[in-house]
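Chemist: Take this structure first; my questions come after.
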Amino acid sequence: MIFDQPKGRVWLCTKPTDMRKSYTGLQALVRNELKQKPIDGDFFIFIIRRKYQLKILYFERNGYCIWSKRLEQGQFKSTANTSSSQELTWIELKLLLEGI
């Protein structure tokens, strides 16, 4: 991965996300759906409904970054959750990205 271990927390948005959203749209989801502040240094993960593509939004010291990954085969493994978000550990994030 291109980023170091986050200093903040890692949040998975459990509701499917429209991948046409960019910085502004994902920031709005963080504020309105996840009830978090996007500039706190946390990582926010968004997955498309069919679970083959994800985006990670995070804030570095001088601006927002979006990291994206699309699988050619298979799906990302995300757990069903009734809330709008789920906190993950750094290891769980790595396992999610590896498809485990």
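The values are calculated or read from the model by the stated rules, or taken from the named source; none is laboratory data. Everything numeric in this text was worked out from a predicted model, so none of it was measured. Glycine also receives a Cβ, built like all others from the backbone with ideal geometry; neighbour counts cover every protein chain displayed. Heavy atoms of the whole protein, side chains included, go into the accessibility calculation; ligands, DNA and RNA do not. Shrake-Rupley method; radii C 1.70, N 1.55, O 1.52, S 1.80 Å.
Chemist: State which residue is most open to solvent (accessible area, probe 1.4 Å) when the search covers only region 69-100 and only residues that are in a strand (DSSP E or B) and touching a residue at least 24 places away in the same chain (Cβ under 8 Å).
Modeler: E87
Chemist: Suppose we filter Y64, Y23 for residues that are hydroxyl-bearing (S, T, Y), open to solvent by less than 90 Å² (accessible area, probe 1.4 Å) and touching a Phe, Trp or Tyr at 6+ places or on another chain (Cβ under 8 Å); which single one remains?
Modeler: Y64
Chemist: Let me ask something else about it. Condition first: out of contact with any helix residue (DSSP H, G or I) (no Cβ under 8 Å at 6 or more places or on another chain) and not in a loop (DSSP other than H, G, I, E, B). Now tell me which residues in region 41-53 satisfy that.
Modeler: I47, Q53
Chemist: Restricting the search to region 55-75, which residues are among the hydrophobic types (A, V, I, L, M, F, W, C) and on the phi > 0 side of the Ramachandran plot?
Modeler: Residues satisfying the conditions do not exist here.
Rundown of residues vs (1) out of contact with any strand residue (DSSP E or B) (no Cβ under 7 Å at 6 or more places or on another chain); (2) hydrophobic (A, V, I, L, M, F, W, C); (3) within 19 Å of V30 (Cβ to Cβ), yes/no style:
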{"site": "R50", "(1), (2), (3)": "yes, no, no"}
{"site": "W67", "(1), (2), (3)": "no, yes, yes"}
{"site": "L93", "(1), (2), (3)": "no, yes, yes"}
{"site": "L97", "(1), (2), (3)": "no, yes, no"}
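Chemist: Further question: Taking region 52-64 on its own, how many of its residues are touching a strand residue (DSSP E or B) at 6+ places or on another chain (Cβ under 6 Å) and not charged (D, E, K, R)?
Modeler: Adding up the residues that qualify gives 5.
Chemist: Would you confirm, using the coordinates I've provided, whether I48 is under 11 Å from the mean Cα position of the chain (by Cα) and buried (at least 20 other Cβ atoms within 10 Å of the Cβ)?
Modeler: So I48 fails the test.
Chemist: Further question: Do any residues in region 15-26 that are closer than 17 Å to S85 by Cβ have Cβ atoms under 7 Å from those of residues that are open to solvent by less than 100 Å² (accessible area, probe 1.4 Å) and part of a loop (DSSP other than H, G, I, E, B), where the two are at least six apart or on different chains, and which pairs are they?
Modeler: K15/E33; K15/S84; P16/I48; T17/I48
Chemist: Regarding region 26-40, can at least one residue be identified that is touching a Gly at 6+ places or on another chain (Cβ under 7 Å) and either part of a loop (DSSP other than H, G, I, E, B) or surrounded by 14 or more Cβ atoms within 10 Å (Cβ to Cβ) (or both)?
Modeler: Looking for residues that are touching a Gly at 6+ places or on another chain (Cβ under 7 Å) and either part of a loop (DSSP other than H, G, I, E, B) or surrounded by 14 or more Cβ atoms within 10 Å (Cβ to Cβ) (or both), one finds at least one in region 26-40, hence yes.
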